[in-house]
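A short worksheet on the structure shown next.
The values are calculated or read from the model by the stated rules, or taken from the named source; none is laboratory data. Being a predicted model, the structure only gives us computed values, none of them experimental. Cβ: placed from backbone, ideal geometry, glycine included. Neighbour counts: every protein chain shown. The protein model used for the area step is the full one, side chains on, heavy atoms only, and it has no ligands, DNA or RNA in it. Shrake-Rupley method; radii C 1.70, N 1.55, O 1.52, S 1.80 Å.
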Amino acid sequence: MSRILRRREICAMTTLSKTTLYARIKEGSFPKAIQLGPKAVGWREDEVLAWMTGQPRKGEPPAGSASPIDATPPTAPAPTAITAADCCRTQTADSSDPSEPADEAELLADLGLTEDLPDAEYFAKASQIVESCQQDVAAINARVAEHYARERDALRQRLRESEERLSRIEFAQSEKQRQWYSLIEGAVGSDVGRWLQLVQALLEAGDTRSAMAVYIDPPPSIRRALESSAAGNQVPPDMLTEPLFSAG
């Protein structure tokens with residue numbers, strides 16, 4: 001009984017690529033495939049060997065072609081009888097598109113899951129493969145989770161360090177502001193007039209930034225003094241406008 005060959009064996013024997021093989025099958029210049037299952041096809045070894053024997057060698061003219069010496073046209077081959085089994089095989093093979101390789105069936109065959117296995121052995125082997133795949137997926141998920149855990153811990157550490165730096169900066173800023181207020185209060189006390197004179201003196205000295213800081217953010221003693229209407233009246237209206245700091 002002739003052995004059934006799969007697509008990979010055919011390509012290895014004939015040195016045809018997968019694309020060339022299916023193209024020849026489609027054009028009818030290669031033996032018909034036999035349906036082995038819902039998504040599996042094969043070829044009879046004797047038919048493939050006969051096809052290979054009839055192929056011309058490299059440098060030789062194709063079989064049946066006329067040579068320069070003998071130009072006698074070849075006689076047409078006698079028609080062969082077609083049996084019912086051949087018709088059934090042809091219909092079965094044509095039912096699956098040969099241009100679509102049965103990759104799923106070949107994958108199962110590569111894993112050792114062939115249709116000739118008993119059901120118990122088939123399902124036992126399939127269960128082992130599924131369990132092995134599940135273990136691989138679990139191991140990959142564990143590595144991914146470990147990676148993200150390290151990334152998360154590193155981000156949390158960077159966040160803590162950033163918060164600590166921010167806290168130190170805020171403390172230094174508040175301490176500097178406290179010293180600034182203490183310096184101004186030591187110079188003007190709660191006298192709004194002297195505070196305005198200080199602002200004016202800074203402007204005349206060209207230190208616009210310091211003048212803006214003293215004017216816009218006065219110390220608490222000046223703020224309390226400005227809350228009273230009497231002290232507020234001491235501030236000239238033109239000094240409370242923005243053009244005061246337009247210069248520089």
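Going by the conditions given, is R24 at pLDDT 55 or above, open to solvent by less than 90 Å² (accessible area, probe 1.4 Å) and either farther than 30 Å from L117 by Cα or assigned to a helix (DSSP H, G or I) (or both)? Yes: the conditions hold for R24. With the requirement that a residue be part of a loop (DSSP other than H, G, I, E, B) and in contact (Cβ under 8 Å) with a residue 60 or more places away in the chain, what does segment 108-149 give you? The answer is E115, and nothing else. Checking each residue in segment 191-215 for being more than 17 Å from L226 (Cβ to Cβ) and either in contact with a strand residue (DSSP E or B) (Cβ under 6 Å, 6 or more places away or on another chain) or β-branched (V, I, T) (or both) picks out only T208. Pairs linking a residue in segment 168-186 that is within 13 Å of A213 (Cα to Cα) to a residue that is surrounded by fewer than 12 Cβ atoms within 10 Å (Cβ to Cβ), with Cβ atoms under 8 Å and 6 or more positions apart or on different chains, are Y181/P220. If you go through segment 27-54 and keep only what is outside any loop (DSSP other than H, G, I, E, B) and either open to solvent by 70 Å² or more (accessible area, probe 1.4 Å) or touching a residue at least 60 places away in the same chain (Cβ under 8 Å) (or both), you end up with E27, Q35, L36, G37, A40, V41, D46, L49, T53.
Can you pull out the residues in segment 193-216 that are in contact (Cβ under 8 Å) with a residue 24 or more places away in the chain and either outside any helix (DSSP H, G or I) or on the phi > 0 side of the Ramachandran plot (or both)? Within segment 193-216, just G206 meets the criteria.
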